[in-house]
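First the structure, in the form of structure tokens, and then the observations on it.
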Amino acid sequence: MVAGGLPNQLLAIDAQGWLLLALLGIALCAVSFTVQYGITHMPANRAIVLFLSELVIAAAASYFLADEVMRLRDWIGAVLIVSASLLSGRLCAESK
């Protein structure tokens with residue numbers, strides 16, 4: 001670890017590190033723009049399934065990659081999100 005604050009830490013990153021950061025930034029932007037474009041062409045009740053799967057994947061990744069644990073508040077939030085999705089799907093199915 002480089003001491004001396006943020007400017008010295010940024011100067012310590014080599015060209016290969018900056019290239020990797022730039023490629024990751026481009027990839028994240030491309031994925032984000034693609035998802036946003038695709039979502040605009042989907043019905044809302046189908047788009048929510050995509051966003052719910054993102055939450056599950058993010059929670060699993062934080063558990064496995066960062067040793068995070070889910071607290072009671074997190075479980076309550078997850079139950080509220082899933083129940084709202086199921087209610088929305090049921091209301092949409094009943095209106096047809």
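Numbers for the structure displayed
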| item | result |
| --- | --- |
| Qualifying residue in the stretch 74-88 (condition: open to solvent by 80 Å² or more (accessible area, probe 1.4 Å) and of a type in the set (D, E, K, R)) | no |
| Every residue from the stretch 27-47 that is surrounded by 10 or more Cβ atoms within 10 Å (Cβ to Cβ) and β-branched (Val, Ile, Thr) | VAL31, THR34, VAL35, ILE39 |
| Single match in LEU50, LEU24, LEU10 (criterion: in contact (Cβ under 8 Å) with a residue 12 or more places away in the chain and either open to solvent by less than 100 Å² (accessible area, probe 1.4 Å) or of a type in the set (Asp, Glu) (or both)) | LEU50 |
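The values are calculated or read from the model by the stated rules, or taken from the named source; none is laboratory data. Quick caveat: nothing in here was measured; it's all calculated off a predicted structure. A quick note on method: Cβ atoms are made from the backbone with ideal geometry, for glycine too, and the neighbour counts reach across all protein chains shown. Remember, those area values only see protein heavy atoms, side chains included, never the ligands or the DNA or RNA. Shrake-Rupley method; radii C 1.70, N 1.55, O 1.52, S 1.80 Å.
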